[in-house]
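Readers should treat all values here as calculations from the given coordinates under stated rules, not as data from a laboratory. Note that the structure is a prediction, hence the values are computed from the model and not measured.
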Amino acid sequence: MTPARPAPPQSRPARDWTDTAIEWASGITAVAMFAYGVALSYSVLHRIANAAGLPAWAADLWPLGFEAFMASAALNALADQRQRNDQAEWWQRVPWYPWVLTALTAGGSILLNWFHPAIPLDPPPGWLVSLVYGLPPLSAVFAWHLFLQRLAHRRHQDTEQAEQDSTRPDGLSAALPPDHGQDSSGPDPRMVVQTLLAAETPQSRVTAAHVQAKTGLSRSRSYAVLRQLRGEIASPNGQGPLAAPEQESA
């Protein structure tokens, strides 16, 4: 019997031009409102910096530093949150430290913009002058701390990956028997890959990404195990092992 041909992939339906127009209009409006808000906030903060007695060049930079620190803290919060998806509890997935810094900076900017008509600027109160002169060094300390945290986190990730990949030069330590240091509680990666290769067809090729998803090995180990077993196991049609797909070497 002739095997049934796989159904061709369904083409994506054409997008309605109305939806596209709405997306573009909403995006342009959001960008315009953001630019308007930043310009208005800059004007208010610049006026406060001038009233506090900062030099002209420092008064021009003071609002930019205020907004730049808020953006830096928010970006660090997003980057940190992307690494916490595997946490079980929701509060463990939230990077509280950078989000708190973002909220404090945004809240301070909003409060200064909201209440600046009620704040006397000629002469300015002492607490306002202290705030203008004290915020830049305080923001610099927190910004530097966030930067060092990102470097430490990146180095920790690189160290973990290097330890996984350097256990054996050929990257096959995870495929060794239990007496070579493998945890016997999990399935043997070689058996998992053999099962995948036994069901492989020319239309559905097994890649290193599939092995990684099924076994939990690193990308390099998954490719090494798959490449080794391709040379040992013949395809089900008896025509010898299938060649490794080109995308696995990427």
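Go through segment 66-80 residue by residue and turn each phi into a ³J(HN,Hα) via Karplus (6.51, -1.76, 1.60, θ = phi - 60°); whole Hz please, and just put x for glycine and proline.
Once rounded to whole Hz, the list reads 4, 6, 5, 5, 4, 5, 5, 5, 5, 5, 5, 5, 5, 5, 5.
Karplus couplings for segment 187-198 from phi (6.51 cos²θ - 1.76 cosθ + 1.60, θ = phi - 60°), rounded to Hz, Gly and Pro as x?
My calculation for segment 187-198 gives x, 5, x, 5, 5, 5, 5, 4, 5, 5, 5, 5 Hz in order.
What are the ³J(HN,Hα) couplings of segment 95-104, residue after residue, when phi is run through the Karplus curve with 6.51, -1.76, 1.60 and θ = phi - 60°? Round to Hz, x for glycine and proline.
x, 5, 4, x, 5, 5, 4, 4, 5, 5
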